[in-house]
Amino acid sequence: MSASRGRAALADAKRVVVKIGTNALTNATGRFHRPHFARLANELLSISKDRELVIVSSGAIALGVERLKLSAKPKDIPGKQACAAVGQSRLMRAWEEALDPRLVAQVLLTHSDVQDRRRYLNARHALERLIADDVVPVINENDTVSVDEIKFGDNDTLAGLVAGLVSADALVILSDVDGLYDADPRNNPDAQLISTVESVTRTMLAAAGGSGSAVGTGGMATKLRAAQKVTELGVVCVIAAGQRPGTLTRVFDGEEEGTLFEAQPGRRDARTAWIAHALKAKGTVRVDAGARAAVENKGKSLLPSGIRGVDGNFSHGDPVDLTDEAGEVFARGLVAYGADELRRLMGKRTREIEATLGYRGLDEAIHRDDLALLAR
């Protein structure tokens, strides 16, 4: 897809997800910027006249910090959770008032809501119904109850998952930067904005760094990973400045704004996308070169004979990452056997399964229908 076609795809997008980061909602001191918020809401109302809109909104913790009259965001988890609890209702009230007369719905998610296939589909169906009823879902991570094992970690990751969840045509990530630069513009005055990215590379991810501020949780690296995931699904993505007036209008008019990430050819089916992007691996299965080639190039299942190592403690049906013998992760899949069973089976032929375990399960360690290749 050429850059012009990518921009045209934004103008033609019918279902869009807009992620609004904390830095796009706050001023230089980290306080909620109400005049800017009102302007941004007006832009969202405008673009939603001809489109289905889903908002992924940060800001609950920042509003909680303000309401509790704290000097800075707490660093401890209970403190952050308390701020989220106080701030979330204020955030939703702000959205309700700003988007009036549109109806809005609060949707709070944790990673466990998308890790479980049934709950993932329940969330999908609920969001589809809200959109069909002309309601704007406003989605945030459920920070009040989230802990490390159930956290998305940042709303960039959440926005990428939501874009796949609702089969969006476009994802726009609004931040405190104009887009992706060839160097850090905060340190290098000669840094140039990159207008179009054909595909996200390891070099880009390595150079992106961490969180850019004390009030937000996501840096450029999390935005790049979100862009990488959604473009694999055939979704066009833009990273642009949330503080600049008219940004959203220009993006959806197909104008040159921010950094455009081109949609990759083809679109994963919904289940494979869920395996690749919604699941957190509970272990690692290391395979030899022949097994990698069979899985990656021929679309084959993973057989026990190709396994060279098993790390972690997982059970039948859990997600695991597949790595080659150099440690490169290239796929994710749902295992047919637990970790201890796979350790006993690794390197063995299919006909040896029953003698090794005392029963005959599946011939495959991971069936090809339960495998998803990951971007390299």
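The values are calculated or read from the model by the stated rules, or taken from the named source; none is laboratory data. These figures come from a predicted structure and were not determined experimentally. Cβ placement follows ideal geometry from the backbone for every residue including glycine, while neighbour counts extend to all protein chains displayed.
Quick look at the values:
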| quantity | calculated |
| --- | --- |
| Subset tally (residues that are closer than 26 Å to Val114 by Cβ and part of a helix (DSSP H, G or I)) for the range 270-307 | 11 |
| Checklist (1) crowded, with 22+ Cβ neighbours inside 10 Å; (2) closer than 21 Å to Leu44 by Cβ; (3) at pLDDT 90 or above applied to Thr249, failing item | (1) |
| Boolean, Ala9 is touching a strand residue (DSSP E or B) at 6+ places or on another chain (Cβ under 6 Å) and assigned to a helix (DSSP H, G or I) | yes |
| Residues of the range 12-34 satisfying the condition of being farther than 15 Å from Arg67 by Cβ, of a type in the set (Gly, Ala, Ser) and crowded, with 16+ Cβ neighbours inside 10 Å | Ala13, Gly21, Ala24 |
| Checklist (1) part of a helix (DSSP H, G or I); (2) among the aliphatic types (A, V, I, L, M); (3) at pLDDT 90 or above applied to Leu53, failing item | (1) |
| Residue in the range 308-319 that is assigned to a strand (DSSP E or B), touching a Ser or Thr at 6+ places or on another chain (Cβ under 7 Å) and not basic (Lys, Arg) present | yes |
| Failed item in (1) part of a helix (DSSP H, G or I); (2) under 29 Å from Val235 (Cα atoms), with Asp340 passing the rest | (2) |
| Residue within the range 368-376 that is over 28 Å from the mean Cα position of the chain (by Cα), in contact (Cβ under 8 Å) with a residue 60 or more places away in the chain and part of a helix (DSSP H, G or I) present | no |
| Test: residue in the range 64-76 that is in a helix (DSSP H, G or I), more than 25 Å from the chain's Cα centre (by Cα) and buried (at least 20 other Cβ atoms within 10 Å of the Cβ) | yes |
